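Values in this text are rule-based calculations from the coordinates and carry no lab data. Note that this is a predicted model, so its numbers are computed, not measured. Neighbour counts are summed over all protein chains in view; Cβ atoms, including those assigned to glycine, are modelled from backbone coordinates with ideal geometry.
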Amino acid sequence: MAAVTSDTSSFQALTFGLQGEIFALDADSVREILDVIPVTEVPGAGDFVGGLINVRGKVAPLADLRVKFGMEQQPHTTDTRFVVVEIELAGEPTIVALLADKAYEVTEIGAASIEEAPAIGMRWRADYVKGIAKRDGEFIIIPDMGRIFAAG
Amino acid sequence: MAQDAAQCFRQEAQDLFEQLEGALLDLEQTPDDHDLIDTAFRALHTIKGSGAMFGFDALAGFAHHLESAFDRVRSGKIAASAELIGLALAAKDHMRGLLDAATGSPDPAGARLIASLEATLGEAAASAAMRGPAAPESEADAGPGETTTYRLRFRLGQDALRRGINPLLLLDQLRDLGACTVVGLTDAIPPFDEMESDGCYIAWDVVLTTAARRNAIDDVFIFVIDDMELTVQRVSDGEASSRIGDILVNRGDVAPDAIAAALGQIPRLGELLVADGAITDGALTSALAEQQHLREETSAHAPARVSDSIRIQAQHLDDLMDRVGELVIAQARLKQLATGLDDSHLKSVAEEIERLSNELRDTTMGIRMVPIASLFGRFRRLVRDLSQELGKSVLLTTAGEDTELDNTVIERLADPLVHLIRNSVDHGLEPAAQRRAAGKSEHGTVHLSAVHSGAEVLISVKDDGGGLDRARIRARAEERGLIPAGAKLSDGELFQCIFLPGFSTAQTVTSVSGRGVGMDVVKRAIEALRGQIDIASHTGQGTEVTLRLPLTLAIIDGLLVRVGRGRYVIPLSAVEECVELSPEDDLRHTGRNFLDIRGDLVPFLRLREEFRSAAPADPYQKVVIVATGDRRIGLVVDQVIGDHQTVIKSLSKLHADVDSFSGATILGDGTVALILDVGHLVERGQTVEPTRQAS
């Protein structure tokens, strides 16, 4: 438990939905939220980061977390958003866009509500989940972006 | 501010170190060259002076020792022996370290260097003494008791008087040193109504005959040197009496204008005074004065010249290039909009903007271009050290040093070239005995050259060593399963094996055939620069490795094509021609994908298949013939859209494993298009279908 407390102290989070689940990202890492814009497919790149988008003149990879969490990939809806975040990739800050079925809100997630991801009984790879927060009877998944993107 | 100044000095010092190193290396070849000795001395002197001023005390102190040594070389007391130059080079490296080191830290390595310097100097002086006064060097000697004549010209800053500098005191101090003739130069005095009463407009010519050392003269100006122009020339006895200009100066009773004119005709003095004249006569704008000041800081005592360059940080250039890149993208959008709307006014503005942004792009890229000489210069030291370390006599020759290349490319070329040169010297060149036996000169040669070729720069490292051992490479490659046993391979294909990662670890290969150490690293670095490597080798005659690099990494001309629903950019420099895919060629499927281009069979790749495009194919497929080096391949696309100014954006690490693309760009409508990696696709085409000659 001690190992995760440093990673899961209270933080301002942006919550977004993917296939009915709620995910939370550190709001500090979020640059902007875009409506759906044209995506350029990268042949041979695989499903997880299969596309590129233009974020204010910069070319950013578009990642689909559904691939990493074993969810089905479905067509975009009017609620679909691209959440642009800055992550560390091999020591370099990199701009990456994340696909979200719906973006909810920026909210405070209290340290007390966060629990370590259970090692068993979870549908997802435990190392992709930093922790799970409970709020109003709902579970909020805090993905471990470092690990998810390191795995490529 | 202080931080800026220190940073400024660091940059300046780097330049000075390079100057020093260059001079030392040249001096090794021609130990009697006084100009070189002076250059080294000046560099050291400036390092000392500016270093002390900016608080690099350890550096300044260390430079002082070395400066004293070179002062003695200058005055002919000791010779610039190989030993001394070796020490000086080591000392230069040490000073570079001191530049970064925290001030005040102990410096045992420096102390050791100084000790060996002292020892060398002691020996040198002793041996000079033993040679006695008959030694030919005594011609340039100015031992104690003897006098030397110096020709000085100095001009204080115009605000010198306001800053409390008294020129009379400076002149008095010079007079204290010895017999002194002073002439005031009044040609820069402005008309009366433009003159400020407390401005300092006069320059002085001083002829000083003194028994004191040269340092004593510098000491007179030590507190004002940064805001003045000073030239000091040594006048040999013969010259002083034989040249009319010196006599005129000495007489001092001739009008200053006449002196300047007369001096202008004296060959040796001429260059200096013409340059001086340009400054005193010409209307010196404040901008020039500022540049002049910068110039002086880098070469304190060099003859003052009007500077025509300024120093800026590479980061600013990168920022500028980014902005220009964004402008080019915005311009492309504007063009597209203007084409869509039927408004002639808008169109003409769009065209104007296009012309301007293209010019701005070219100018900006021009600014980023740096002669490759700066890079080649570093390798002289490398070759020298390698040749000493390995006990081989190696001569480094260079050509095309003024070839210009994008600054970023140059920086990233340094390491790969070090690898290649190291390989050439270490493994390529045979030991002297072996060379003698082969009937070659004992001295190996490594030739470094750069030349422009279209939109590429070719940089080659060529040695006259034993060449690559084909049999060993083949054996090794077969052993490692990299090529099938007995496969028929061209030299080019065989040599590509040495770039494979596994290859480098094999000691047997490196010691016999001599290549492979880190060659995979070299290849990766060059590919990261969107370049390619060619190898040519002749047994017994040597090896030539040629790097082919794009001129710039920032913006290229591209050909926009469509494959399925995706749009892609092919670098225009690689495109040879576009042809239509005839129905017959189209029908011949798998295994026989060749086009007959004027008698040559050129393999082609269907990009639709490569990219697994699901959209239906256009009825008339086009083939874009691309080439790298002597290899060609056709890329089958659905549509050729046209040329496109391409601002290259690199792909993130998330796409590091996608090797069909070298980058991405943003099109006029704001969408992203991928840039094809032609080198990689050509390679792919070759492996799928080995090239055959039509016969």
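Of note:
- Counted charge near B:V446, where neighbours are those whose Cβ lies closer than 12 Å (Asp, Glu -1; Lys, Arg +1): +1
- FRET efficiency for B:I202 and B:Q29, using Cβ-Cβ distance with R0 set to 60 Å, rounded to 0.05: 0.90
- Take each residue of peptide A:58-64, count the partner chain Cβ atoms within 10 Å of its Cβ, and average: the result is 5.
- Cα gyration tensor, region B:356-398 - rounded (a/c under 1.5), prolate or oblate: prolate
- Global form of region B:372-550, assessed from the alpha-carbon gyration tensor, a/c cut-off 1.5: oblate
- Entry note, chain A: the mean residue ellipticity at 222 nm calculated from DSSP H runs of n ≥ 4, each adding -39500 (n - 2.57), is -2000 deg cm²/dmol after division by the residues and rounding to the nearest 500.
- In nm, spacing of pseudo-spin labels at B:I641 and B:A188 (7 Å Cα→C-beta vector): 6.0
- Scanning residues 5 or more positions from B:F661 or on other chains, those with amide H under 5 Å from its amide H are B:D677, with H placed 1.01 Å from N in the peptide plane.
- FRET efficiency estimate (nearest 0.05) - Cβ-Cβ, B:H316 to B:E18, R0 25 angstrom: 0.70
- Leading residue at positive end of dipole, chain A (Cβ point charges), from A:A63, A:G51, A:L18: A:G51
- Shape of region B:321-370, Cα gyration tensor, a/c cut at 1.5: prolate
- Highest average first, the peptides B:401-408, B:558-565, B:632-639 ordered by how many other beta carbon atoms sit within 10 Å of their residues are B:632-639, B:558-565, B:401-408.
- The number of Lys pairs in region B:372-550 with C-alpha atoms less than 24 Å apart, excluding pairs fewer than 8 positions apart on the same chain, is 5.
- The phi-based Karplus calculation (6.51 cos²θ - 1.76 cosθ + 1.60; θ = phi - 60°) puts the 3J(HN,Hα) values of region B:478-485 at 5, 4, 8, x, 7, 10, x, 4 Hz, whole numbers, x for Gly and Pro.
- Each of A:S29, B:S441 has some number of other Cβ atoms within 10 Å of its Cβ, and from fewest to most they run B:S441, A:S29.
- Averaged over peptide B:668-681, the number of partner chain Cβ atoms lying within 10 Å of each residue's Cβ comes to 3.
- Formal net charge of residues neighbouring A:T80 (Cβ-Cβ distance under 12 Å; K, R +1; D, E -1): -1
- Residues whose amide H lies under 5 Å from that of B:L185, counting only those 5 or more places away or on a different chain, are B:A203, B:W204, B:D205; hydrogens are built 1.01 Å from N in the peptide plane.
- For the peptide B:639-652, the mean number of other protein chain Cβ atoms found within 10 angstrom of a residue's Cβ is 2.
- Estimated distance in nm for a label pair at B:D596 and B:D415, the labels positioned 7 Å out from Cα along Cα-to-Cβ: 5.0
- Across region B:564-580, computed HN-Hα scalar couplings (Karplus, 6.51 cos²θ - 1.76 cosθ + 1.60, θ = phi - 60°) run x, 8, x, 10, 9, 10, 9, x, 4, 5, 8, 7, 9, 6, 10, 10, 8 Hz from first to last residue, x flagging Gly and Pro.
- Highest mean packing comes first when the peptides B:213-226, B:330-343, B:648-661 are listed by Cβ atoms within 10 Å, giving B:648-661, B:213-226, B:330-343.
- Label sites at B:R470 and B:A115, each approximated as a point 7 angstrom past Cα along Cα to Cβ, lie 5.7 nm apart.
- Under 5 Å from the amide H of B:L605 lie the amide H atoms of B:G634, B:L635, B:V636, each residue being 5 or more positions distant or on a separate chain, with H modelled from the backbone and absent for Pro and chain starts.
- Look at B:E527, B:E584 and count the other Cβ atoms within 10 Å of each Cβ; fewest to most, that gives B:E584, B:E527.
- In order along region B:664-671, the phi-based Karplus estimate (6.51 cos²θ - 1.76 cosθ + 1.60, θ = phi - 60°) of 3J(HN,Hα) comes to 9, 8, 10, 7, x, 8, x, 8 Hz; Gly and Pro are listed as x.
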